[in-house]
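Working notes for the structure below.
What follows draws every value from the coordinates through simple rules; no lab data is involved. Quantities reported herein were computed from a predicted structural model and do not represent experimental measurements. Please note: Cβ atoms are built from the backbone with ideal geometry, for glycine as well, and neighbour counts cover all protein chains shown.
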Amino acid sequence: MRTDLTSEIVRLTGQHLWLVGIAMALAILMGVPLGIVAARRPAASRWLLGFASVVQTIPSLALFGFLIPIPVLGGIGPRSVIIALVMYALLPILRNTYVGIVTVDTAVCESAVAMGMTGSQLLRLVQLPLASRTIIAGIRVAAVTTIGTATIAAAIGGGGLGVFIFRGVASVDTTQILAGAIPAAAMALLADNGFGWLERKLSPV
Amino acid sequence: MPVVEFRDVSFEIAGRRILSAINLCVEAGESLVLLGRSGSGKTTALKLTNGMLFPTSGQVLVEGRSTRDWDPIRLKRHIGYVIQETGLFPHFTVAQNVGLVPKLEGWEADRIATRVEELLQNVGLPGAEFGSRYPRQLSGGQRQRVGVARALAAEPSVLLLDEPFGAVDPVTRFDLQEQFLQLRRTFEKTSIFVTHDVREAMRLGTRIALLAGGRVDFLAPPGEFQQATTKEARSFLACL
């Protein structure tokens with residue numbers, strides 16, 4: 001019994017990590033470029049930030065529910081879960097990328113342009129490095145929330161540590177609930193500390 | 001051929017006229033000071049010179065070629081620019097800041113290092129001591145020196161300075177002006193220097209162009225400028 005539980009904890013923790021990892025990777029790949037677009041085009045920024053904010057207001061269980069009937073993208077299983085997680089993680093990453101870039105000292109940007117930097121050099125050599133701490137802070141928030149939200153994935157057959165929690169709630173079994181909650185909490189703490197460390201490590205300017 | 005020439009240059013933004021039919025020539029080795037009150041169009045004139053802005057009518061020629069005909073990136077790298085807040089890159093060391101344009105221009109590492117060392121030496125911030133510091137570890141005056149060194153790095157044909165010493169205390173300011181004069185002698189650089197301080201203008205200019213209401217109100221070497229009789233010039237001279 002005990003070894004069964006341990007091996008299931010390991011398996012579901014792995015699954016949880018996989019869900020979160022894929023979702024975070026996709027959210028970063030989308031959120032950072034979209035944040036850059038928003039920072040460069042004020043007209044786009046309203047739409048992008050507005051859309052991401054609206055998504056965030058949808059209750060997570062409802063969003064999972066909405067995705068089930070959608071063909072190709074949705075359905076029962078990990079695909080819907082990953083899509084929902086990406087949508088939630090997008091806002092903090094997009095917003096922090098946007099804020100990080102637009103709050104770079106205008107004198108610094110102006111002198112970069114005056115020195116003959118091209119648009120991409122300005123972005124690569126000046127804006128992104130100076131925004132990096134803020135961007136990492138956004139990723140940190142996104143990672144912590146995604147780890148928590150991913151526990152609901154079990155509701156639509158996405159697996160992960162939520163399996164324990166739902167099972168524990170259904171059978172009023174505290175051990176099962178803790179078997180899901182403790183690793184999820186530990187994972188969130190690790191992510192918080194890891195990204196926090198990275199944030200501090202980046203040049204304190 | 002003048003290094004920089006303004007031919008009937010007017011500039012308007014949002015229907016507001018900033019400069020009206022300006023004519024100016026800056027000859028090689030000259031230090032032209034643009035003197036004027038806030039909002040008189042001094043900074044606009046600098047930005048028209050390095051192609052950050054383009055005239056609404058007339059043309060600005062750099063080395064005989066209209067700024068519109070220059071490749072915009074080439075033009076900017078060909079001109080050194082120092083702004084009041086220096087705009088040093090906070091995440092770059094002093095040496096990286098100074099070596100940036102040469103690096104963008106694809107100079108070899110050795111050549112960049114030699115050039116950086118030479119310039120830092122010339123602005124009194126020896127590389128061994130200051131090269132690896134970050135801008136936040138420097139005083140206001142030191143940052144301005146780095147700003148000037150950075151603008152000189154890629155051997156620009158002309159140096160534009162927008163109130164570079166405006167934000168430092170009077171004593172430091174005096175030292176910086178002294179050093180600027182020395183640098184001019186060393187590098188024989190053509191420069192356009194913007195200031196609202198008539199003392200600074202008298203000290204650093206080979207000629208002073210007084211801007212008022214978007215026009216050149218008076219243009220003369222410092223000696224003659226002191227005899228100027230226009231109303232605006234008298235107001236400035238009264239500050240001496």
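Key figures
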item	result
Sites residue B:139 and residue A:172, calculated FRET efficiency, Cβ-Cβ separation with R0 56 Å, nearest 0.05	0.25
The stretch A:132-170 residues near the modelled residue A:103 label - backbone nitrogen below 14 Å, point 7 Å along Cα→Cβ	A:132-139
Extension gain from residue B:63 to residue B:13, taking 0.36 nm per residue of separation minus the Cα-Cα distance	15.4 nm
The protein assembly as shown - charge dipole about Cα centre, Lys and Arg +1 at Cβ, Asp and Glu -1, debye rounded to 20	680 debye
Ranking of A:151, B:229, A:103 by count of other Cβ atoms within 10 Å, fewest first	B:229, A:103, A:151
Label-point separation, residue B:178 to residue A:43 (7 Å along Cα→Cβ), nm	5.6 nm
Signed unit charges on C-beta, dipole axis of chain A, positive-most listed residue A:73, A:52, A:38	A:38
Residue of A:58, A:82, A:135 that the Gaussian network model of chain A assigns the largest fluctuation, springs spanning Cα pairs under 10 Å	A:58
Separation between Cα centres of the stretch A:97-128 and the stretch A:133-205, rounded to whole Å	34 Å
Rounded to whole Hz, the Karplus (6.51, -1.76, 1.60) HN-Hα couplings of the stretch A:60-74, x for glycine and proline	5, 4, 5, 4, 4, x, 4, 6, 4, x, 6, x, 6, 6, x
Label-to-label distance, nm, for residues given as residue B:28 and residue A:29 (7 Å Cα→Cβ offset)	5.6 nm
Relative contact order computed over chain A (Cα-Cα under 8 Å; 6+ residues apart), in percent	26 percent
Residue order, fewest to most beta carbons within 10 Å, for B:71, B:217	B:71, B:217
Alpha-carbon centroids, the stretch B:4-60 and the stretch A:24-69: separation in whole Å	45 Å
Nonlocal amide H pairs with residue B:215, under 5 Å, H built at 1.01 Å	B:20
Relative contact order (%) - criterion: Cα under 8 Å, at least six apart; region: chain B	27 percent
Residues of the stretch A:161-177 with amide N under 12 Å of a point placed 7 Å along Cα→Cβ from residue A:3	none
Most mobile of B:138, B:104, B:183 in a GNM of chain B (Cα contacts under 10 Å)	B:104
Beta bridge orientation in chain B: antiparallel %, DSSP, nearest 5	50 percent
Separation of alpha-carbon centers, the stretch B:68-145 and the stretch B:157-234, rounded to whole Å	23 Å
